[in-house]
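Worksheet: one structure, shown below.
The values are calculated or read from the model by the stated rules, or taken from the named source; none is laboratory data. All values derive from a computational prediction rather than experimental measurement. Cβ sites come from the backbone with ideal geometry, for glycine too, and all protein chains shown count toward neighbours. Note: accessible area is taken over every heavy atom of the protein model, side chains too, but ligands, DNA and RNA are not part of it. Shrake-Rupley method; radii C 1.70, N 1.55, O 1.52, S 1.80 Å.
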Amino acid sequence: MMSGQPNILIVMVDQLAGTLFPDGPADFLHAPHLKALAARSARFSNNYTASPLCAPGRAAFMSGQLPSRTGVYDNAAEFTSSIPTFAHHLRATGYQTVLSGKMHFVGPDQMHGFEERLTTDIYPADFGWTPDYRKPGERIDWWYHNLGSVTGAGTAEISNQMEYDDEVAFLATQKLYDFARVSDQDDRRPWCLIVSFTHPHDPYVARRQYWDLYEDCPALDPEVGFIPEDQQDPHSRRLYLASDYASFDITPEQVRRSRRGYFANVSYIDDKVGELLSVLERTRMLDDTVILFCSDHGDMLGERGLWFKMCFYEGSARVPLMVAGKGVPAGLIETPTSNLDVLPTLCDLAGIDLSDIAPWTDGQSLLPLARGDRRAAPVLMEYAAEGSYAPLVAIRDGRFKFVHCEIDPPQLFDLESDPQELQNLAADPDHADLVAGFMARVRARWDMAAFDAAVRESQARRWVIYPALRNGAYYPWDFQPLQKASERYMRNHMDLNVLEDSKRFPRGE
C-alpha cells in the first residue's frame, strides 16, 4: 500500500436535515456517539446536497458531478457506468472499496467502482419511478410520497427499514473484522467502506426504546408553522399537490409524533455508529481511519407545512458533514460547502493528484478549508424530479441563497438575517443589483432550455423502455449479494488449525 494512505469509513444516512447539526448534533438529540465524533471532527455546518432527492443526490455524491452532468435527474434515471466515482479513483490507487447498504443506483451497473457490495439496495434499480413532465401536476400514486408517513407516525419493533438497517450494520461490522484480521500484514490494502443507512428517512416509525427518549423533547413543534398553500411560493404549491395534501387533515399532534419518530431514528442511527466505532477501536484500526459522516438530503419535517425534501429550503437541502481523522483539524467551519466536495476530499486524503480528477468533478477538496484557507467557490444545486414541472437551480454564496426556475419568480434569501427563509428579497428594489448578478451567474452556468429538453428526452426514453422490459420475461437489475457457502466458516478443503488462527484477532499468543 502507498505510505500513509488512511483507511476510510463513510457513514451515510438518509434524509437527515443539516439544520439539526448546527455544530454537530443539536443539543436536544440523544446522540452520544455522533456528539463524541463531532468533538474530534471538522464540522461543515453549511453543507448542501447537490440535488434534494435520493438517486440524483447520491449519484452526485459518488461522482462529484451535478445531475445536469450525470444525467441522474430523478429517482429512476440511469447512472451510467462510464462516469468515474470516488470508488473508481480510490480503487485505482489500491484501495479495497466496499459498500454496505443503500446507494440507489439505477441501471444495470450496481457497483460503480465498488469491489464488493454486502447487501442489496432498499430501492428498485429500474425505471419504474420515472416522472413525466408531459403531465404537470399528475400524481403517480403507487410511488409518490404522500402524507401517510405523517398520519402513521409511531412505534414498532420491526419495520421494512429497520430490517434493512439492522442488516447493513451487522454486515458492515463483520467486514470491519475481516479488515482487522489482515491489518498487521505488510501487503494489506487500505480500505474504503461505506455504511449507508436508510434511516431517519420516513416513515416516522421508531423502536420504543428510542421513541421514549423524546418524551419531553423541546423541538417537537416546527419553528415555522403551516403556511397555507395559496401563500406558498409556486414550487412549494407543487409539492403540496405532489404530496397529496388535500387527502389528509394533518393535526398538530401528528406533526409532533412524526418529528418524535424522526428524532428517535437519529438515536437509532447513533447506536449503529457507536457499534462501528467500537469495532474500529477494539481492533486498533481507529487511529489509521478517516471517518466521514454525511447524508444525501434533508427533511422539512413540517416546517412551513412541507415534508420530506424536493426543494431548496434549508431543511431539505442542507445536510450534515463531519470529517475526523489524521490531518483533519477539528473545528466548526461555516463556509458553505457541498456533497460534491466529498470526492476531491477523499482523493486528497488518499494522496491522489487532484489535477487528474479535476475534469471529473464539480467540487473541490475540503482539506484546505479545514486547515484555515479561504474558499471562494459558491455552492450549486439542481432539482428536476417529482413535484417539478421544469428544472430548478440554486446558488448559495456567502450569506445569500438564490433560486431560479424558468417558470417561477426568482427567490433570494439572506440566511444570516432570515435563517427561516421567510422574506424573499428578489422582488425588493434594494436588491435588484444582487438579483441581476445572480441571474448573470445562472445564465453563465446553465442553459436552462437545454437542461429542460435533456430531462424531457430522458424521461420520454424511459417511458418507452420500462413498460417494454416489464412485458414478458423480466430480468431485474437489483443487486443480488452472492455468498459462497463452500468458502464460509469451516470446510474440508481447509486446514482447521490455519483457519482458526487466521480468523482470530488478535492472533493467539
(message) If I go through region 111-159 residue by residue, how many of them are over 25 Å from I194 (Cβ atoms) and among the charged types (D, E, K, R)?
(response) 7
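Considering only region 476-485, how many residues are in a loop (DSSP other than H, G, I, E, B) and either farther than 28 Å from G71 by Cβ or among the small types (G, A, S) (or both)?
Count: 3.
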(request) Among the residues of region 314-341, write down those that are of a type outside the set (A, V, I, L, M), over 18 Å from the mean Cα position of the chain (by Cα) and either buried (at least 20 other Cβ atoms within 10 Å of the Cβ) or more than 9 Å from F44 (Cβ to Cβ) (or both). (result) G325, K326, G327, P329, G331
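Filter region 185-220 for residues that are closer than 27 Å to D27 by Cβ and part of a loop (DSSP other than H, G, I, E, B) and give the result. Please lay out each step first, then the result.
Applying the first criterion (closer than 27 Å to D27 by Cβ) to region 185-220 yields 195-220.
Hits for region 185-220 are H201, D202, P203, Y204, R207, E215, D216, C217, P218, A219, L220.
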(message) Report every pair of residues separated by at least 6 positions or lying on different chains whose Cβ atoms are under 6 Å apart, first residue within region 245-265 and under 14 Å from G152 (Cβ atoms), second among the aromatic types (F, W, Y) and not in a helix (DSSP H, G or I).
(response) S258/Y204; G261/Y204; Y262/Y204
(message) Cβ-Cβ under 6 Å, sequence separation 6+ or interchain: first residue in region 353-381 and hydroxyl-bearing (S, T, Y), partner surrounded by 11 or more Cβ atoms within 10 Å (Cβ to Cβ) and in a loop (DSSP other than H, G, I, E, B). Which pairs?
(response) T361/G64
(message) Name the single residue that is farthest from G107 (Cα to Cα) among those in region 486-509 being assigned to a helix (DSSP H, G or I) and open to solvent by 60 Å² or more (accessible area, probe 1.4 Å).
(response) N497
(request) Being in a loop (DSSP other than H, G, I, E, B), touching a helix residue (DSSP H, G or I) at 6+ places or on another chain (Cβ under 6 Å) and either under 19 Å from A454 (Cα atoms) or open to solvent by 20 Å² or more (accessible area, probe 1.4 Å) (or both) is the filter here, so list the residues in region 365-385 that pass it. (result) R375, A384
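Looking at region 282-298, is at least one residue among the aromatic types (F, W, Y), open to solvent by less than 10 Å² (accessible area, probe 1.4 Å) and closer than 24 Å to C347 by Cβ?
The answer is yes, given that some residue of region 282-298 is among the aromatic types (F, W, Y), open to solvent by less than 10 Å² (accessible area, probe 1.4 Å) and closer than 24 Å to C347 by Cβ.
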(request) Check region 429-449 and report whether any residue there is over 28 Å from the mean Cα position of the chain (by Cα), outside any loop (DSSP other than H, G, I, E, B) and at pLDDT below 95. (result) no
(message) What's the total number of residues in region 342-364 that are open to solvent by less than 20 Å² (accessible area, probe 1.4 Å), outside any loop (DSSP other than H, G, I, E, B) and not hydroxyl-bearing (S, T, Y)?
(response) 6
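Of the residues A473, A426, A454, A460, which single one is at pLDDT 95 or above and either open to solvent by 60 Å² or more (accessible area, probe 1.4 Å) or not in a helix (DSSP H, G or I) (or both)? Can you show your working first?
On the way: A426 fails: either open to solvent by 60 Å² or more (accessible area, probe 1.4 Å) or not in a helix (DSSP H, G or I) (or both); A454 fails: either open to solvent by 60 Å² or more (accessible area, probe 1.4 Å) or not in a helix (DSSP H, G or I) (or both); A460 fails: either open to solvent by 60 Å² or more (accessible area, probe 1.4 Å) or not in a helix (DSSP H, G or I) (or both).
So the residue among A473, A426, A454, A460 that is at pLDDT 95 or above and either open to solvent by 60 Å² or more (accessible area, probe 1.4 Å) or not in a helix (DSSP H, G or I) (or both) is A473.
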